[in-house]
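The structure appears below as structure tokens.
The values are calculated or read from the model by the stated rules, or taken from the named source; none is laboratory data. Predicted, not measured: the structure shown is a model, and the values here were computed from it. Backbone-built Cβ (ideal geometry, glycine too); neighbour counts: all protein chains shown. With ligands, DNA and RNA removed, areas are computed over all heavy atoms of the protein, side chains included. Shrake-Rupley method; radii C 1.70, N 1.55, O 1.52, S 1.80 Å.
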Amino acid sequence: MNIIDELSWRGLINQQSDEEGLRKLVDKKDISLYCGMDPTGDSMHIGHLLPFMTLKRFGDAGHHPYIVIGGATGSIGDPSGKKAERPMQTMDQVNHNVEALSNQAKRIFKDFTMVNNYDWTAPIGILDFLRDYGKLFNVNTMLGKEIISSRLEAGISFTEFTYQILQSLDFLTLYREHDIQLQVGGGDQWGNLTAGLDLIHKAEGSDAEVYALTIPLLLKADGTKFGKTAGGAVWLDAEKTSPYEFYQFWFNQDDKDVINLLKKFTFLNQDEIAALAEKVKTAPEERVAQRTLAEEVTKFVHGEEALKTAEKITEVLFSGEIQALTTDEVAQAFHGVPSEEISTDEINLVDLLIATNVDKSKRQAREDIQNGAIRINGERLTDTTEMIDPKDSFDGKYIVIRRGKKKYFLAKIK
């Protein structure tokens, strides 16, 4: 199957500059292509995954993917999709984020070539920039692109206005030095991508064979934006979103969304996904499609061992056998649950419930204990005089408290 047909089946194409031309090109030869990523933070989130997974699909088909880390463009700020200018980062922060994102991307996308646009942008002097590149951009054309026009009423600085020129310079440089012929980006990047095509055609001639392709904004079946949780973004950094939380995010997807997500975020083939779609229809309670989605994406981002840990935590929490978890697994499993610090001293069970805000009063705490609603580290306790020694479990670092069937609390030992 032609890679363009593959992307179309998966719903990964929003806009193309020349569908017929690109289709013929990828049939004729293995091409080089790229997607850029600005270092606005020190971790990618799942919203970044689709363009780079799309590059990987090209790579699996024999093409040559590049990632451009925006050491230069990230220091300026992309106006796309912003109602106002973002605060400008210090260069120290930009460099920190570049290093963190580069290491993360190398771990996940092992076979990609990675370059930093600071390397070719920084040496350009202001006069050379204006004479060699500024002369090739028509301000009226730039104002007509949505990426700029959407910001005119609120106002846009000259700094952000020039972002489009810098990103276009990336494409021109990569075309000249690495024979890169395709840029892939998110749907909000169309104006920047087409500006890059225009620059190459002006600088290299109208017969330069270059293309642009964008990925659609991913929406859930109810029309809301995909990728956010009550706690915010789902990060690819295990310190920000643990592999267990990451696994659970995918496992908890709605039946209406799961097949669409399997197409976009996994490398399963059409027959495998069709079989899972049938399972959703005939046995939705088994959640086979959701489990497969969670397994595939967690393994791709975090690796086999992290997946095994996430599955173990899931099984243990379902069974209630908390003591089967290691100390590190407790930290993963209960990252984000209500927590309080307590001392290392032995503490009465009632006082523990008050100290960790499980209950607001000693009367309520005693009732919960006597009614069998309280479990400490998986063990049901019904004696209000019970003394709890923090040193007895999880290397003396944690006490896991459960009230009722689902409400967990964590005591962190000072």
Residues that are in contact with a strand residue (DSSP E or B) (Cβ under 8 Å, 6 or more places away or on another chain) and open to solvent by less than 50 Å² (accessible area, probe 1.4 Å): which helices (runs of 4 or more DSSP H) entirely in the range 138-185 hold 1 or more of them?
163-178
Here is a check on your reading of the model: is Thr241 closer than 22 Å to Val316 by Cβ and of a type in the set (Val, Ile, Thr)?
yes
Applying the selection to the range 64-86, what residues are closer than 18 Å to Gln164 by Cα and either open to solvent by 80 Å² or more (accessible area, probe 1.4 Å) or at pLDDT below 90 (or both)?
Ile76, Gly77, Asp78, Pro79, Ser80, Gly81, Lys82, Lys83, Ala84, Glu85, Arg86
Do we find a residue being closer than 23 Å to Ser242 by Cα and surrounded by fewer than 21 Cβ atoms within 10 Å (Cβ to Cβ) anywhere in the range 109-124?
yes
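For the range 211-237: of the residues being among the aliphatic types (A, V, I, L, M), open to solvent by 10 Å² or more (accessible area, probe 1.4 Å) and in contact with a helix residue (DSSP H, G or I) (Cβ under 6 Å, 6 or more places away or on another chain), which is modelled with the lowest pLDDT?
Ala221
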Are there any pairs, at least 6 apart or on different chains, whose C-beta atoms fall under 6 Å, with the first in the range 102-128 and within 17 Å of Ile180 (Cα to Cα) and the second surrounded by 17 or more Cβ atoms within 10 Å (Cβ to Cβ) and of a type in the set (Asp, Glu), and if so, which?
Asn117/Asp170
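For the range 316-328, which positions are part of a helix (DSSP H, G or I), within 25 Å of Gly396 (Cβ to Cβ) and out of contact with any Phe, Trp or Tyr (no Cβ under 8 Å at 6 or more places or on another chain)?
Val316, Leu317, Ser319, Ile322, Gln323, Ala324, Asp328
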Considering only residues that are without any contact (Cβ under 8 Å) to a residue 12 or more places away in the chain and touching a helix residue (DSSP H, G or I) at 6+ places or on another chain (Cβ under 8 Å), which ones fall in the range 289-310?
Lys299
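Given the condition closer than 30 Å to Thr309 by Cα, assigned to a loop (DSSP other than H, G, I, E, B), open to solvent by 30 Å² or more (accessible area, probe 1.4 Å) and not acidic (Asp, Glu), answer yes or no: does some residue in the range 187-209 qualify? Spell out the reasoning first.
Here is the first cut: in the range 187-209, the ones closer than 30 Å to Thr309 by Cα are none.
The answer is no, given that none of the residues of the range 187-209 is closer than 30 Å to Thr309 by Cα, assigned to a loop (DSSP other than H, G, I, E, B), open to solvent by 30 Å² or more (accessible area, probe 1.4 Å) and not acidic (Asp, Glu).
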When residues of the range 378-410 are limited to those that are without any contact (Cβ under 8 Å) to a residue 60 or more places away in the chain and within 16 Å of Thr344 (Cβ to Cβ), the one nearest to the chain's Cα centre (by Cα)
Ile399
Sort out which residues of the range 276-295 are closer than 17 Å to Thr266 by Cα and among the hydroxyl-bearing types (Ser, Thr, Tyr), and write them in order of number.
Thr292
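Conditions tested, residue by residue: (1) over 26 Å from Phe334 (Cβ atoms); (2) of a type in the set (D, E, K, R); (3) open to solvent by 60 Å² or more (accessible area, probe 1.4 Å).
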residue	(1), (2), (3)
Tyr244	no, no, no
Trp250	no, no, no
Leu268	yes, no, no
Ile273	yes, no, no
Lys281	yes, yes, yes
Glu286	yes, yes, yes
Ala289	yes, no, no
Leu293	no, no, no
Thr298	no, no, no
Say we look at the range 16-40 and pick out the residues that are over 16 Å from Tyr66 (Cβ atoms) and of a type in the set (A, V, I, L, M); which of these is surrounded by the most Cβ atoms within 10 Å (Cβ to Cβ)?
Leu22
Hits in the range 348-375 - residues which are in a strand (DSSP E or B) and either without any contact (Cβ under 8 Å) to a residue 24 or more places away in the chain or surrounded by fewer than 21 Cβ atoms within 10 Å (Cβ to Cβ) (or both):
Asn348, Arg375
